[in-house]
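Engineer: Questions regarding the structure given below will be posed in turn.
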Amino acid sequence: MNSPQRTSKLALVLATLAACAAPQPRTLDVPPLERHAPRTSSVDVEHYALKLSLDPRARAIAGECRIRFHPRNELVEVLELDLDALDVAFVSDGEGRSLAFERRPGVVAIDFGAPLEAGTSHEVVVRYGGVPRRGLWFAGARDGAPTHVFTQGQCDDSRGWFPCLDEPAQRATSELEVTLPRGWISVAAGEKVESLERADGSTVDLWRMNVPHPAYLTTLVAGELVVARSRWNGVPLSVIAEPPLESHLAASFEATASILQFFEELTGARYPYAKYSQAMVANFPHGGMENISATTLTDACVGDERARRDYDPTGLIAHEAAHQWFGNLLTCADWSHAWLNEGFATYAELLYREASDGRDDFRAAVRDVQDSYVAQDTLALRRPHVWDRWREPFDLFTRGGQTYQGAASRLHLLRFQLGDDVFFRGLRRYVADHAGRAVTTDDFRRAMERESGLDLAPFFRQWFLFMGYPEFAVRWSWNESRRNVRIEVEQVQTSSDGTPAVFTVPVDIEVRDAGGSRRTRVTIDERREVIELPAPTRPSWVVFDKHGWVPKRIRTERSTEEWRALASESDDVNERRDALTELGSRLATEPNEQLRWSIAETLLDGLAHRSEAVRLAAARAFGRVHTSAENPIAQELMGLASADRSARVRVAALETLAAWETRAEFAAFAREQYAAEFSPSTMGAAARLVALSEGEQALPWLLAQLERGSLHDSLRASLVPAVASVRGSAPSRALLAGLLDETWGVAAREAAARALVASAKGRADLSRAASELLERTELFRLQLALVDLLIAIDDGRARAALAAFHARGVDARARRAIEAHFERVGP
């Protein structure tokens, strides 16, 4: 039941909104999708010296930027610096002499009055200020004022807080002198060389980075924060966050030192910078950002003991740390080669997992990355991995999966083709040859060619310059008289979109029979081909692409007995979980009772496997069984839900029970698991099982649970799907109230918005509330969820709100989603 206070608040908000006439939708100003050649500049920047004062209450800055540069190969009379939406008060040369300048959208053009000769060093000083529109964000709140500030420069947002040449190929050293309000601390790139306290209580910190780097990696985090310090190999390490998170920092970031050590060994290069810091901030728009020597992360990655059972930040920590080499020490020369930053960081994260968690977990994680890429790289989002066309450069990072998962999948395939020794030697050569430089895909190719002695142009052309991936249809038959197995392979991908009709790729084929397993490497280079391999006895299985090195879709015809053999005996974790998934589908439709029980026994064995990925697949495979609570299958799932060491496996078991028509028999068990409080996600899954079992009778209990607090409001966010699963208008009203309730954390409000999507179409009350909230909220995650909600509502008011947000918003993800919606439905 809603509390009276919340119901009154919701009624007042909706009544106020209803008094306003619904605005009409507007058309969108959509940036063109066009080719972007690498930007050339007539100058090289050598050094940025920034002086910055913060005014948190006004959310404003005042700055001075001294830029040292030299003309390249020509006379320079006008210098154009990138600077977005800030006022320029004065420009001078290094001696203080005033210079004429022109302010144009996104640019400050400085006229030197006479040509500057190539190779000569010069300085300009720009004094500027205002309220940044992008690049620098105030966050947190206390007594109406922000509690901290952070910057986010990728791809071209550093121009939002200081004048610069905002291109990845432009590398310069930097220093930042920042004046902080009383009680604030700061962290920035490089090392802190000075900190002075002023008589008014403010502090002036001076940070200096002596390693040249692109402007987008320049960084500042400052605020009412705490620091946990340590050292690794003589390098100062620090973790920075808001005070309520202090007690959780050590456990959340304990892997940092081992991660850095691993990447030193992987790359053959010492950690390149004077320190490494990791700062957690509120309302960070992404998971993390690898600013040079000073990573910034979402504060949601810090968890208490229960929350860490749901989410281990080690992968994110490793990804951003890997960027200190791949992205910072070596930086893509322009954004068309962005995969060199993100693909390497994604694969390095996987390699750390291989070293720390073992081969099974690594293979499962690689497969998850491959599957994520394959699911994204379709239809209008299909493109080559080296790609110079976009509306905004950040589109390359958020659409299609090529820059992260697709590139990591290709590096994994290259490792297979070259072998571990050559691949890792080539990787170290690439780092050694190009440290401190901007790099292209050809630079990486040449390094691998020099180490391998092979011509890798065909590999890079096929996998990086062409688009898509192979799709295989595979079937096999055994010929007893010829004592061999005949394997028919067909590539069935369509080529009308530019995807190659034929991929040339080596694969390992494993044949398992009474004599054991034999592996043969073959090269697939035709649309249709037949491969014959020895098989004295009928094989138990034939596996195409053993260990799954190739990013692909594949359809393989197998008997139930073959799937059972793979599920029980394969040495590959992914083959086991694929088999369990398929057997789960067959279990629900198999008419033969004896065979059904044989399948069930195989699935039950999977529930006890050492690999979390296998146990997950086994738990989910029982989703259409619908047994009673006394059935051995139900008993095993209940044991898994209550005792497995993995929260993900417990959730999968609870979700399977919730899918059964007999779910009401498990309501009491679900309440027990909720009361056990193993983790927010398991509590949410247990609550949903209660909701689906008891229906409307569960609603008062569910609404009471929504009042419980937790770190980052993760419990409330996990409970939202349970509330949404109850039929009727009361749950929807409660979720709308929560969406509008600013005491709810952003994770819970985001969950509420997404839960409301299912019932959103044509709801005027929801349209008014969501439109008004999108207009005023500054929470990035909530903005994205509201955009999706308004797209689902799709009335005139929703379209007008979306058009207005498109015009003022800075998040490329939201802008592309709005554009796609308007393209579908029209203005």
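Engineer: What are the residue pairs meeting all of these: first residue in segment 766-786, first residue closer than 25 Å to Leu136 by Cα, second residue aromatic (Phe, Trp, Tyr) and part of a helix (DSSP H, G or I), Cβ atoms under 7 Å, and 6 or more apart or on different chains?
Structural biologist: Pairs that qualify, where the first residue is closer than 25 Å to Leu136 by Cα and the partner is aromatic (Phe, Trp, Tyr) and part of a helix (DSSP H, G or I), are Leu774/Phe805.
Engineer: Which ones in segment 727-770 are modelled with pLDDT of 95 or more and polar (S, T, N, Q)?
Structural biologist: Ser732, Thr743, Ser767
Engineer: Could you grab me the full set of residues in segment 466-504 that are in a loop (DSSP other than H, G, I, E, B) and of a type in the set (A, V, I, L, M, F, W, C)?
Structural biologist: Matches in segment 466-504: Phe466, Val492, Ala501, Val502, Phe503.
Engineer: Then there is this: Can you tell me which of Gly400, Gly315, Gly303 is free of Cβ contacts under 8 Å to residues at least 60 places away in the same chain, part of a loop (DSSP other than H, G, I, E, B) and open to solvent by less than 50 Å² (accessible area, probe 1.4 Å)? I'd like the intermediate steps shown before the answer.
Structural biologist: Working: Gly315 fails: part of a loop (DSSP other than H, G, I, E, B); Gly303 fails: free of Cβ contacts under 8 Å to residues at least 60 places away in the same chain.
Only one candidate passes the filter, namely Gly400.
Engineer: I would also like to ask the following. Considering only residues that are assigned to a helix (DSSP H, G or I) and open to solvent by 30 Å² or more (accessible area, probe 1.4 Å), look in segment 807-816 and name the one that is nearest to Pro393 (Cα to Cα).
Structural biologist: In this case the residue turns out to be Arg813.
Engineer: Still on this structure, I have one more. In this structure, is Ser258 small (Gly, Ala, Ser) and over 22 Å from the mean Cα position of the chain (by Cα)? Spell out the reasoning first.
Structural biologist: Numbers: small (Gly, Ala, Ser): yes; over 22 Å from the mean Cα position of the chain (by Cα): yes.
It is true that Ser258 is small (Gly, Ala, Ser) and over 22 Å from the mean Cα position of the chain (by Cα).
Engineer: May I ask you to list the residues in segment 314-349 that are of a type in the set (S, T, N, Q), within 19 Å of Tyr373 (Cα to Cα) and either modelled with pLDDT under 95 or touching a strand residue (DSSP E or B) at 6+ places or on another chain (Cβ under 7 Å) (or both)?
Structural biologist: To start, the set of residues in segment 314-349 that are of a type in the set (S, T, N, Q) comprises 314, 324, 328, 331, 336, 341, 346.
Of the ones still in play, those that are also within 19 Å of Tyr373 (Cα to Cα) are 336, 341, 346.
Once the filter is applied, which keeps residues that are of a type in the set (S, T, N, Q), within 19 Å of Tyr373 (Cα to Cα) and either modelled with pLDDT under 95 or touching a strand residue (DSSP E or B) at 6+ places or on another chain (Cβ under 7 Å) (or both), segment 314-349 yields only Asn341.
Engineer: Looking at Ser252, Ser195, can you tell me which residue is out of contact with any Asp or Glu (no Cβ under 7 Å at 6 or more places or on another chain) and either over 22 Å from Arg134 (Cα atoms) or hydroxyl-bearing (Ser, Thr, Tyr) (or both)? Even if it seems obvious, please write down each step before you answer.
Structural biologist: Numbers: Ser195 fails: out of contact with any Asp or Glu (no Cβ under 7 Å at 6 or more places or on another chain).
Going through Ser252, Ser195 in turn, just one is out of contact with any Asp or Glu (no Cβ under 7 Å at 6 or more places or on another chain) and either over 22 Å from Arg134 (Cα atoms) or hydroxyl-bearing (Ser, Thr, Tyr) (or both): Ser252.
Engineer: Same structure again: Those residues that are more than 19 Å from Ala764 (Cβ to Cβ), within 21 Å of the chain's Cα centre (by Cα) and modelled with pLDDT of 95 or more, I need them from segment 774-810; list them, please.
Structural biologist: Matches in segment 774-810: Glu778, Leu779, Phe780, Arg781, Leu782, Gln783, Leu784, Ala785.
Engineer: Against the condition open to solvent by 10 Å² or more (accessible area, probe 1.4 Å) and not aromatic (Phe, Trp, Tyr), how does Arg429 come out, does it pass?
Structural biologist: yes
Engineer: What residue, of Leu640, Leu616, Leu566, Leu604, is under 30 Å from Arg518 (Cα atoms), open to solvent by 10 Å² or more (accessible area, probe 1.4 Å) and assigned to a helix (DSSP H, G or I)?
Structural biologist: Leu604
Engineer: On the given criteria, is Arg134 assigned to a loop (DSSP other than H, G, I, E, B), within 25 Å of Gln154 (Cα to Cα), in contact with an Asp or Glu (Cβ under 6 Å, 6 or more places away or on another chain) and open to solvent by 30 Å² or more (accessible area, probe 1.4 Å)? Before you say what the answer is, go through the steps one by one.
Structural biologist: On the way: assigned to a loop (DSSP other than H, G, I, E, B): yes; within 25 Å of Gln154 (Cα to Cα): yes; in contact with an Asp or Glu (Cβ under 6 Å, 6 or more places away or on another chain): yes; open to solvent by 30 Å² or more (accessible area, probe 1.4 Å): yes.
Here the answer is yes, as Arg134 does meet what is asked.
Engineer: Could you check Thr589 against (1) farther than 25 Å from Arg483 by Cβ; (2) in contact (Cβ under 8 Å) with a residue 12 or more places away in the chain and say which number it fails?
Structural biologist: Result: Thr589 fails condition (2) only.
Engineer: Picking from Arg410, Arg461, which residue would you name as being among the basic types (Lys, Arg), under 27 Å from the mean Cα position of the chain (by Cα) and either surrounded by 17 or more Cβ atoms within 10 Å (Cβ to Cβ) or assigned to a strand (DSSP E or B) (or both)? Lay out the reasoning, then the answer.
Structural biologist: Details: Arg461 fails: either surrounded by 17 or more Cβ atoms within 10 Å (Cβ to Cβ) or assigned to a strand (DSSP E or B) (or both).
On inspection, the qualifying residue turns out to be Arg410.
Engineer: Out of segment 492-501, which residues are among the β-branched types (Val, Ile, Thr) and under 21 Å from His412 (Cβ atoms)?
Structural biologist: Matches in segment 492-501: Thr499 only.
Engineer: Taking strands (runs of 3 or more DSSP E) that fall entirely within segment 37-110, which contain at least 2 residues that are open to solvent by 50 Å² or more (accessible area, probe 1.4 Å) and under 30 Å from Lys192 (Cβ atoms)? Reasoning before the result, please.
Structural biologist: Details: elements: 43-55, 60-71, 76-82, 87-93, 100-104.
Per the criteria, 43-55, 60-71, 87-93.
The values are calculated or read from the model by the stated rules, or taken from the named source; none is laboratory data. Small disclaimer: the values here were computed from a predicted structure and weren't measured. Cβ atoms come from the backbone with ideal geometry, glycine included; neighbour counts cover every protein chain shown. All accessible areas refer to the heavy atoms of the entire protein, side chains included, with ligands and DNA or RNA removed. Shrake-Rupley method; radii C 1.70, N 1.55, O 1.52, S 1.80 Å.
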